[in-house]
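As structure tokens, the structure follows; a few thoughts come after it.
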């Protein structure tokens, strides 16, 4: 949070071009903004079925994301809501602020056409994130309604799924920002 990006990372996002949407300056470095949106019941991480979801709390995951984002030269803004419409509202807001999204839609992953439509409408690169591996669980968790609107998916690594997703998205954003 208070740490500066490493010299290596600083070079990745340094550019003389005008700032593009979804960037703000941290020091002398244009930093992409990434929204991390977590859905229903994820505020209960750490106590909710620790055998499936682990003992790391969502607040701890958010702290890890913000720290990792600083190392990567990315500003991470974290949100959690139990409400489908609020996720759609956050995605609409992200359109004018963020360069990309990490989304753990939780149970809405399997049911929400509204979130799918919002993802398609905003057009931001999105990584679908899951603590557990939905395909290794109950049959009703095998299908993701939001996946077709996402660039990638990271699942099954517990709290590290969020960090791996951030690493991948930051790397993809870096490639997009590179001069062609």
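The table below gives the values:
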read-out: Selection within region 126-146 - surrounded by fewer than 17 Cβ atoms within 10 Å (Cβ to Cβ) and touching a strand residue (DSSP E or B) at 6+ places or on another chain (Cβ under 6 Å); value: 133
read-out: Test: residue in region 106-118 that is within 30 Å of residue 175 (Cα to Cα), modelled with pLDDT of 95 or more and in contact with a strand residue (DSSP E or B) (Cβ under 6 Å, 6 or more places away or on another chain); value: no
read-out: Residues (assigned to a loop (DSSP other than H, G, I, E, B) and touching a residue at least 40 places away in the same chain (Cβ under 8 Å)) located in region 152-178; value: 158, 159
read-out: Matching helices (runs of 4 or more DSSP H) fully within region 24-122 where at least 1 residues are surrounded by fewer than 18 Cβ atoms within 10 Å (Cβ to Cβ), touching a residue at least 40 places away in the same chain (Cβ under 8 Å) and under 16 Å from the mean Cα position of the chain (by Cα); value: 58-72, 84-97
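The values are calculated or read from the model by the stated rules, or taken from the named source; none is laboratory data. These figures come from a predicted structure and were not determined experimentally. Using ideal geometry, Cβ is built from the backbone for each residue, glycine included, and neighbour counts are taken over all protein chains shown.
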